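Read-outs: derived from the displayed coordinates by stated rules, not from any lab. Bear in mind that the values here come from a model prediction, so they are computed numbers and not experimental data. Cβ placement follows ideal geometry from the backbone for every residue including glycine, while neighbour counts extend to all protein chains displayed.
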Amino acid sequence: LIVHAKAMQPFAETWRKLHTRKMHDGGGVRLYANAVNAAYEPTSETSADMLTRQAIDTVDFPPTVEQAWKDGVRTFVELGPRDTLTAALGNILEGKDYNAVATDRIETADLGQVADLAAFLFADGRAPKMKPVADALDAARRNRTVRPAPWALTRDVPYAKPIVPALIPTSRMPVAPILAAVNYPAPCD
């Protein structure tokens with residue numbers, strides 16, 4: 001499948017239909033699209049439009065990342081593909097402080113990545129809603145499959161039982177420490 005290329009243009013409407021889905025409230029999380037190199041308000045239509053525009057033309061990450069930085073973004077959560085952008089941030093934001101995590105790392109269990117993301121956000125001083133994460137991990141421990149209703153264009157894929165860390169009972173979550181900024185020396189020529 002050719003994506004992020006003009007060769008995809010004949011399939012634009014099919015791609016848009018495939019990516020027009022019911023949206024859920026993002027709770028104020030700002031989403032950025034490389035199609036416009038800026039933030040956008042996600043709806044079923046705008047999200048399908050952004051994904052389609054990104055599919056039918058090349059993607060240029062740096063302008064989007066630089067705009068997010070100008071908008072005050074210092075924590076980057078990459079939804080994929082893989083950890084491509086997270087790895088590139090060091091070059092794009094060279095010399096600037098930021099935190100980043102990828103949630104589509106290859107050969108890593110999905111639920112483990114969700115748990116890693118929740119821990120990352122907590123350590124970053126955010127307040128992730130831990131109950132849905134804990135519920136998903138508990139379901140995985142019981143080897144129960146937790147999936148949304150299948151779409152007409154998808155089929156079930158038999159996944160191996162996820163490896164989920166054992167639950168450690170605690171009365172409350174610890175307070176996240178305030179992390180000091182790390183200043184790295186300038187690279188030598």
**OP:** Find the centroid of the Cα atoms in the range 18-45 and in the range 93-147, then give the distance between the two in whole Å.
**Re:** 20
Subject >> Overall form of the range 1-155 per C-alpha gyration tensor (a/c, 1.5; a/b vs b/c) >> reply: oblate
Subject >> Sequence-distant residues sharing a close amide H with THR75 (under 5 Å, placed H) >> reply: ASN99
Original post:
Hey, which lysines would be in cross-link range of LYS17, C-alpha to C-alpha under 22 Å, not counting anything within fewer than 8 residues on its own chain?
Top reply: LYS6
Original post:
Which of the lysines could a cross-linker bridge to LYS96, judged by Cα under 20 Å and excluding same-chain residues fewer than eight apart?
Top reply: LYS70
Original post:
Relative contact order of the range 1-59: what whole-number percent is it, with Cα pairs under 8 angstrom and at least 6 residues apart?
Top reply: 52
**OP:** For LYS131, list the lysines whose Cα falls under 30 Å from its own Cα; do not include residues on the same chain fewer than 8 positions away.
**Re:** LYS22, LYS161
Subject >> Förster-model FRET efficiency, 41 Å R0, ARG141 and GLU66, C-beta, rounded to 0.05 >> reply: 0.45
Subject >> Nonlocal amide H pairs with ALA102, under 5 Å, H built at 1.01 Å >> reply: GLU78
